[in-house]
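Notes to accompany the following structure.
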Amino acid sequence: MLYTLLAVLQEHGATDSHAAEGFSSPFEVNFGLFFWTWLVFISLFFLLKKFAWPPIVKLTEEREKNIQQQLDDAERANAEAKETLEEHKQLMASSKEEARALVAEAKDLAEKERERLLAKTREEQDAVLERAKREIEQERERAIAALRQETVDLSLAAASKLIEARLESEADRKIVEDYLNALEENR
């Protein structure tokens, strides 16, 4: 409606000025046009102020609040993400430290087990060596006893043949054994 009024006024003003003067300059002041322009501008200003600006201002304020809310939410989410990241880093660091501790503990246990097994092996080796020495010593003693017996028997046989008489075997054996013991002590 306002546009229609403006169009009619402009058309009316254009026919009056063209008819009276025939030609109008753009720099020429026309008080009728000036009055109607200001009247339309002020009317439009008050209409816009009453009907258009409150909803526009309201929408702008709501949008501003919404944007501020989103910014606050984003900032809060960013802070939470940073906290979560820091917790994750601390958890990773503690997990790495626990893993290092477990590896170190496993190495210590393995070293202790190795030492224990080496000690056990040494003990078994020493025991086997001692047993072998005892068995060797026993065999040596048996061999010496058998050799002595054989020596006594051979000595008696040789002495018997030399003397051509048979000596009493137990007493003769005693004499030969005493002699061999004396020879062994002198060595």
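None of the figures in this text is laboratory data; all of them are computed from the coordinates on show. Small disclaimer: the values here were computed from a predicted structure and weren't measured. So basically every Cβ, Gly included, is an ideal-geometry build from the backbone, and we count neighbours across all protein chains shown.
Assorted remarks:
- Prolate/oblate/rounded call for the stretch 35-154, Cα gyration tensor, a/c under 1.5 rounded: prolate
- Measuring r between the beta carbons of residue 30 and residue 64 and using R0 = 25 Å, the FRET efficiency lands at 0.05.
- Residue 146-residue 113 FRET efficiency (beta carbon distance; Förster radius 45 Å; 0.05 resolution): 0.40
- Segment residue 177-residue 4, length gained on full extension (0.36 nm per residue, minus Cα span): 46.2 nm
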